[in-house]
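Inspection log for the structure reproduced underneath, given as structure tokens.
The values are calculated or read from the model by the stated rules, or taken from the named source; none is laboratory data. Predicted, not measured: the structure shown is a model, and the values here were computed from it. Reconstructed Cβ throughout: ideal geometry from the backbone, glycine too, with neighbour counts over all protein chains shown.
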Amino acid sequence: MPRPEHRAITFTIDGRDVEAPENTMLVDAAKRGDVEIPVFCYEPKLGNPVGACRMCLVEIEGIGKLQTGCSTPVKDGMVVHTQTERVKEAQRSVVEFLLINHPLDCPVCDKGGECPLQDISFGWGGGISRFVEPKRHFVKPLELSPLIAIDRERCILCYRCVRFSQEISEDYQLVLLERGAESFVSTFDGHPYVAPFSGNIIELCPVGALTSRAYRFRARPWDIEDAGSVCTLCPAQCNVTLTVRDERVMRVLARDHAEVDDGWLCDRGRFAYPALDDGAHAGHNGHVREPPGVPLELAHGVHAGMRVTEPLVRDGGELRRVSWERALAEATAGLKRAGARTGALAGGGASNEEGMLLARLMREALGSANVDSRVGGELPLELQRALAEPRLQAKVSDLEFAHAVLLLDCEPLLDAPVLDLRLRKGVRRHGMKLERISGADVRALSETAARLAQEGEELVILFSERFTAGPDGAERARALLEIAATLSLDQVDGAGLLEIPATANGRGLREAGMLSNAGPGLREVERAGLDTRAMAEALGRGELSALYLLQVDPLSARDPFATCAPEDSTWHVALERASTVVAHATFLTDGVHGHATVVFPAESYAEKEGTVTHPDGRIQRVRQAVAHAGTTRAEWRVLAELSERLGRDLGVRSEKLASQQLFDAVPFYAGLTLEQIGGRGVRWQERAQASAYTQGQA
Amino acid sequence: MSDVLLFKDIDEPGLSTLPVYESRGGYSALRKALAMTHGEVLSELEASGLRGRGGAGFQMGKKVSFLPQGSMEKYLVCNADESEPGTFKDRELMQKNPHMLIEGIVIASYAAGAERSFIYIRGEYELQADVLDAALAEAREAGYIGEKILGADHSLSLVLHRGAGAYICGEETALLDSLEGKRGNPRLKPPFPANQGLYRGPTLINNVETLSTVPAITLMGGENYAKLGVQTSTGTKLVSVSGHVQRPGNYEVELGIPSRELIYDLAGGPPERREVKCWFPGGSSAPVLTAADLDVPYEFDSLAKAGSMLGSGAIIVVDDSTPIVDLALKVAKFYRHESCGKCTPCREGTTWTVKMLERIDSGEATPMDLDIMASVQDHIIGNCLCVLGDAMAMPIGSMIAKFRPEFEDHIEAARLRNGMAAPSAPANEPLGQGVL
């Protein structure tokens, strides 16, 4: 589907000639001439402008009435004035109108200090009000949902939240009830606004009407620092800004990236932050974060579910807090005993560097090739490589502009929630055709794909790792590749395949060498090892005796390694029989709690420094926002230390060196620097070095 | 009067039924139109100079010609949400002569190339909707609506939709939203309905009276029609005269007659021993004119020149027994109640104006408040999403401008009546003025 084209035109604003892409809305075009036109209701992410707030009125020569800058596409030769007395008076009057019913309770309002209404009142308002009558009143604040509070007196009725609910998340719950000055935002049936993306309306609200109940009264803008990072709670890898106060994450905000998240976050990504920091500052026990109401003795002890902030070693059948020295020694001894009879899994939010270092530790220090990050087991390397072939890779924005998208064994809302919104956008705004199919019947799949291809040549097939998991995975992968070849998806810009791995950094871990049959850069290895399934079985038979779990717990109900495992008790038996289980864990989940012999506290993503790779190949930086919880050490450091103790110095002395090693090890990452990746990431398929991918194959 | 077009036979018993309508020459215009090409019918409409009778006064033929050519689905919507206070001409047309409207719709849809049409009628017009429903059934039965009308290459579906009681739904884009099943809020223009209207398709929207005029134009020819009235306001117009007149009602007149003739000769003027204090020439949203303006010709341009508008063609006469503050409050309260709340100046401005008027009425105001109120009206006019805000601000602004001494007297009288102290200057200057 044609992407918007941008022909440059020149227009005049406040006497200055400014160049801007034709048909961009005046408020956006004006910014290119350093002119700010104030807005409340305008938010391009929400689709077409509605022109409701009237804040952006400007004068355009040749047009009698003042025009809304938010809805006027800029044309060549247009002459715009934003500083005439007529415009200023109109803007002053809109501010005055907006404030007559606004409580002006800024000193106790969460939004105070980061409030567009405050800023615009200051910048464009008259400074006084002539309104002396009583203001409109509502009961407040009310629970709009368990997560969101609504203060209807502060609301300026800009429609943003309603438009989000109606036209972006399409949950159709928020509406405006009543009319005129009595209008108010509500759910249509008065029930709580519970929806997967509800938290976005807090960020959209240009006043303090919608506030996060978790963040309410926890900090003022001048108390906090912003830290940009990438959320690694799921493969969508949304760009986020963490609001940090006193080494605690207080809030998670979107950090708009059109090629990743389109500026939205799911509620899990937005509200799961209490798990991201130490929590000790608020608690009394200093080490573990316990849910409220947990008895003190339990809170002080080691118990399932707790945040791990210190090394733990199993002693006398129970995990006990120990020093780092003791934990490292225990782990070294256990791994040395097992040697090549060790297996390793990586998942969770493990970074590329961590994956690479674990694979090196296994292959170089222990002589074991048993490493995996695929939850469903090995896929023949030529298929793995063919599926990740750069020319065949679709990117996130293709999901919006494709003629058709086929969801193959994939539920975006669960697999990578924010992509759900992108697909809705494609369907709603660009008339994209969307279908879903189970991969079980290969013939039905190829028929559906062929039919969808008739919608237009840009067809994207979005599939989950489940599609290629299990014994028939290879056969299905082959069928998919055949379909892609028949439809020439690799020949068309905007068409292709996009796989959502089971774990947040599944793609990065594979490319970093965490595969049983491939090294860094998906290169063939001399000796293939056991894959996830085979490891479990070998442990059960006693052929392997040690297991290294990097942010994986095959017994935890929420871990993809567990949900994709066979229904039987293979992993139970495996962990039961393993003599050494070394785990890096942020939380003491069931399997780790019950079976680990050594537990290293793992960093949450807010504590981590490193790179991850998005399902579409975008390498992104995870940046440390808060201090390590307790005595937690960076994983790269623990892995390097262990390797050295096992007799192999990996030569990693800092996280930067770890990244450098990664870029050197993966041919198609070659030459990358952390500075290049920066805050927006780099899609490796778009670099010249991508050619190394195909060369490596030959 | 020889030039009666719309009200020809209006009081004929049974005119609302098909046999009587046909016996009076009904649907002959449709037969004539279907024998012409689309373009020829359109040319007649353009030549007639017929201006929209709903309020905006935009030339109908031009509006039809704005619809894009091509095979896409086009719509015709008849705006029968006649809600402007003082306006009741469409009601009489629909009630007594529904087939003329239907015939007009079919001809207009033929000219516009629309194959789906709707009549959006205000919810309170239950009787008229029932009459229309019966007429529609007859017209369908007789083949005037449906597939291949009268054997010609034109098909049309026509659906009657009843509104739910919101003034704003008479605004064309709010009407479209309401018709689509949404909350009736006005849309941003552009895009105009001619390009993106109902279901985002090209849409022609016209008032009942406008469409009811189409058969007459088709029969007599656009040029002949244009000979009626004056140069830029052609044809005849139904005028609803109400308020303080002795014979309120609908009158069909040739555009351009002196307003005095309408108010005094036709409607009988104000009751005995009363004088005209002010009058709305085009519904309650038109700025008021005074007795001094009674000789202004009743047509679009002269009324605009006099500072008001022809609007929906509804004259409301107010005599000297009515306090201007009462009138202003009545008008302001209506628009406050009907403001949809979407855009800021209208939502807040109408509410604020009512609050100020209530203070004026109770004596809690000062003459300074009149300045504030006047400036609030100025801030509403032209700055809103649709014209509802203007519809309050224009008449209120005109009342303050023309009757300021009466407002001031009213404030003072109410203050004395309620035993309040004279207002004193505030002790402190408001913050901000000196600082910034």
**Prompt:** Within the stretch B:110-128, can one find any residue that is charged (D, E, K, R), touching a residue at least 60 places away in the same chain (Cβ under 8 Å) and part of a loop (DSSP other than H, G, I, E, B)?
**Reply:** no
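In the stretch B:332-367, what residues are of a type in the set (A, V, I, L, M) and closer than 27 Å to residue A:155 by Cα?
First, pick out the residues of the stretch B:332-367 that are of a type in the set (A, V, I, L, M): B:332, B:354, B:356-357, B:360, B:365.
The answer is B:332, B:354, B:356, B:357.
For residue A:583, are the conditions met, namely being closer than 20 Å to residue A:277 by Cα, modelled with pLDDT of 95 or more and not aromatic (Phe, Trp, Tyr)?
Details: closer than 20 Å to residue A:277 by Cα: yes; modelled with pLDDT of 95 or more: yes; not aromatic (Phe, Trp, Tyr): yes.
Considered against the rule, which asks whether it is closer than 20 Å to residue A:277 by Cα, modelled with pLDDT of 95 or more and not aromatic (Phe, Trp, Tyr), residue A:583 comes out as yes.
Inside the stretch B:230-241, can you point out the residues that are surrounded by fewer than 19 Cβ atoms within 10 Å (Cβ to Cβ) and of a type outside the set (A, V, I, L, M, F, W, C)? Don't jump to the end; show me each part of the working.
To start, the set of residues in the stretch B:230-241 that are surrounded by fewer than 19 Cβ atoms within 10 Å (Cβ to Cβ) comprises B:230-232.
Hits for the stretch B:230-241 are B:231, B:232.
Anything in the stretch A:100-119 that is more than 11 Å from chain B (Cβ to nearest Cβ) and outside any helix (DSSP H, G or I)? List them, or say none. Break it down into steps so the answer makes sense when it comes.
At the first step, the residues of the stretch A:100-119 found to be more than 11 Å from chain B (Cβ to nearest Cβ) are A:103-119.
Within the stretch A:100-119, A:103, A:104, A:105, A:109, A:110, A:111, A:112, A:113, A:114, A:115 qualify.
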**Prompt:** Looking at the stretch A:55-77, is at least one residue surrounded by 22 or more Cβ atoms within 10 Å (Cβ to Cβ), at negative phi, away from chain B (no Cβ under 12 Å) and not in a helix (DSSP H, G or I)?
**Reply:** yes
**Request:** Kindly indicate whether residue B:215 is over 14 Å from residue B:79 (Cα atoms), over 19 Å from the mean Cα position of the chain (by Cα) and buried (at least 24 other Cβ atoms within 10 Å of the Cβ).
**Result:** yes
**Item:** Unmet criterion (only one of (1) at pLDDT 95 or above; (2) over 21 Å from the mean Cα position of the chain (by Cα)) for residue B:259
**Value:** (2)
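Look through the stretch A:170-211, keep the residues that are assigned to a loop (DSSP other than H, G, I, E, B) and of a type in the set (D, E, K, R), and return whichever of them is nearest to the other protein chains (Cβ to nearest Cβ). Spell out how you get there, then give the answer.
Step one: list which residues in the stretch A:170-211 are assigned to a loop (DSSP other than H, G, I, E, B), which gives A:170-173, A:178-179, A:183, A:188-199, A:205-209.
Adding the requirement that they be of a type in the set (D, E, K, R) leaves A:170-171, A:178-179, A:189.
Values: A:170: 15, A:171: 17, A:178: 8, A:179: 5, A:189: 15 Å.
So, considering only residues that are assigned to a loop (DSSP other than H, G, I, E, B) and of a type in the set (D, E, K, R), the one nearest to the other protein chains (Cβ to nearest Cβ) is A:179.
Where in the stretch A:297-412 are there strands (runs of 3 or more DSSP E), lying fully within it, with 2 or more residues that are modelled with pLDDT of 95 or more and under 24 Å from residue A:473 (Cβ atoms)? Even if it seems obvious, please write down each step before you answer.
Numbers: elements: A:312-315, A:318-321, A:342-346, A:404-408.
In the stretch A:297-412, A:342-346, A:404-408 are the strands (runs of 3 or more DSSP E) which contain 2 or more residues that are modelled with pLDDT of 95 or more and under 24 Å from residue A:473 (Cβ atoms).
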**Message:** So if I check each of A:97, A:122, which one is within 12 Å of another protein chain (Cβ to nearest Cβ) and either in contact with a helix residue (DSSP H, G or I) (Cβ under 9 Å, 6 or more places away or on another chain) or not in a helix (DSSP H, G or I) (or both)?
**Reply:** A:97
**Request:** Could you please find all residues in the stretch B:289-324 being surrounded by 21 or more Cβ atoms within 10 Å (Cβ to Cβ), in contact with a Phe, Trp or Tyr (Cβ under 9 Å, 6 or more places away or on another chain) and either of a type in the set (Phe, Trp, Tyr) or farther than 23 Å from residue B:90 by Cα (or both)?
**Result:** B:289, B:324
**Asked** Any idea which residue in the stretch B:324-366 is nearest to the other protein chains (Cβ to nearest Cβ), counting only those that are under 24 Å from the mean Cα position of the chain (by Cα) and of a type in the set (A, V, I, L, M)?
**Response** B:354
**Request:** Considering every residue within the stretch B:95-117, establish whether at least one is more than 26 Å from residue B:41 (Cβ to Cβ) and crowded, with 24+ Cβ neighbours inside 10 Å.
**Result:** no
**Request:** Could you check how many residues of the stretch B:367-391 are touching a helix residue (DSSP H, G or I) at 6+ places or on another chain (Cβ under 6 Å), closer than 14 Å to residue A:130 by Cβ, of a type outside the set (A, V, I, L, M) and at the interface with chain A (Cβ under 10 Å from one of its Cβ atoms)?
**Result:** 2
**Message:** Quick check on residue A:214: is it among the aliphatic types (A, V, I, L, M), over 29 Å from residue A:49 (Cβ atoms), outside any strand (DSSP E or B) and touching a Lys or Arg at 6+ places or on another chain (Cβ under 9 Å)?
**Reply:** yes
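Do the conditions hold for residue A:5, that is, is it farther than 26 Å from residue A:115 by Cβ and charged (D, E, K, R)?
Numbers: farther than 26 Å from residue A:115 by Cβ: yes; charged (D, E, K, R): yes.
So residue A:5 fits the description; yes.
Is it the case that the stretch B:129-151 has a residue that's surrounded by 18 or more Cβ atoms within 10 Å (Cβ to Cβ), in contact with a strand residue (DSSP E or B) (Cβ under 7 Å, 6 or more places away or on another chain), among the hydrophobic types (A, V, I, L, M, F, W, C) and in a loop (DSSP other than H, G, I, E, B)? Let's see the steps before the verdict.
Start the filter on the stretch B:129-151 by keeping residues that are surrounded by 18 or more Cβ atoms within 10 Å (Cβ to Cβ), which leaves B:129, B:131-132, B:135-136, B:138-139, B:144-145, B:149.
Right, trim to in contact with a strand residue (DSSP E or B) (Cβ under 7 Å, 6 or more places away or on another chain) and you get B:129, B:132, B:136, B:145, B:149.
Remaining after also requiring among the hydrophobic types (A, V, I, L, M, F, W, C): B:129, B:132, B:136, B:145, B:149.
From what is left, the residues that are in a loop (DSSP other than H, G, I, E, B) are B:145.
Yes, the stretch B:129-151 contains a residue that is surrounded by 18 or more Cβ atoms within 10 Å (Cβ to Cβ), in contact with a strand residue (DSSP E or B) (Cβ under 7 Å, 6 or more places away or on another chain), among the hydrophobic types (A, V, I, L, M, F, W, C) and in a loop (DSSP other than H, G, I, E, B).
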**Request:** State all residues of the stretch B:174-211 that are touching a strand residue (DSSP E or B) at 6+ places or on another chain (Cβ under 9 Å) and part of a helix (DSSP H, G or I); if no residue qualifies, say none.
**Result:** B:175, B:176, B:178, B:179, B:198, B:199, B:208, B:209, B:210, B:211
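Going by the conditions given, is residue A:85 more than 10 Å from chain B (Cβ to nearest Cβ) and not aliphatic (A, V, I, L, M)?
Details: more than 10 Å from chain B (Cβ to nearest Cβ): yes; not aliphatic (A, V, I, L, M): yes.
Against the criterion (more than 10 Å from chain B (Cβ to nearest Cβ) and not aliphatic (A, V, I, L, M)), residue A:85 qualifies.
Residue by residue, here is whether (1) modelled with pLDDT under 95; (2) in contact with a Lys or Arg (Cβ under 9 Å, 6 or more places away or on another chain) holds:
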position	(1), (2)
A:3	yes, no
A:6	yes, no
A:11	no, yes
A:23	yes, yes
A:34	no, yes
A:55	no, no
A:61	no, no
A:79	no, no
A:98	no, no
**Item:** Residue list for the stretch B:52-100, restricted to those being touching a residue at least 12 places away in the same chain (Cβ under 8 Å) and at positive phi
**Value:** B:55, B:57, B:86
**Residues located in the stretch A:24-54, provided they are touching a strand residue (DSSP E or B) at 6+ places or on another chain (Cβ under 6 Å) and within 11 Å of chain B (Cβ to nearest Cβ)** = A:51
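Rundown of residues vs (1) part of a helix (DSSP H, G or I); (2) under 26 Å from the mean Cα position of the chain (by Cα); (3) more than 18 Å from residue A:508 (Cα to Cα), yes/no style:
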| residue | (1), (2), (3) |
| --- | --- |
| A:605 | no, yes, no |
| A:608 | no, yes, no |
| A:612 | no, yes, no |
| A:619 | no, yes, no |
| A:625 | no, yes, yes |
| A:628 | no, yes, yes |
| A:672 | no, yes, no |
| A:676 | yes, yes, no |
| A:690 | yes, yes, no |
**Prompt:** How many residues are outside any loop (DSSP other than H, G, I, E, B) and away from chain B (no Cβ under 14 Å) if we restrict to the stretch A:130-160?
**Reply:** 5
**Message:** For the stretch B:5-38, which positions are within 27 Å of the chain's Cα centre (by Cα) and exposed (fewer than 14 other Cβ atoms within 10 Å of the Cβ)?
**Reply:** B:11
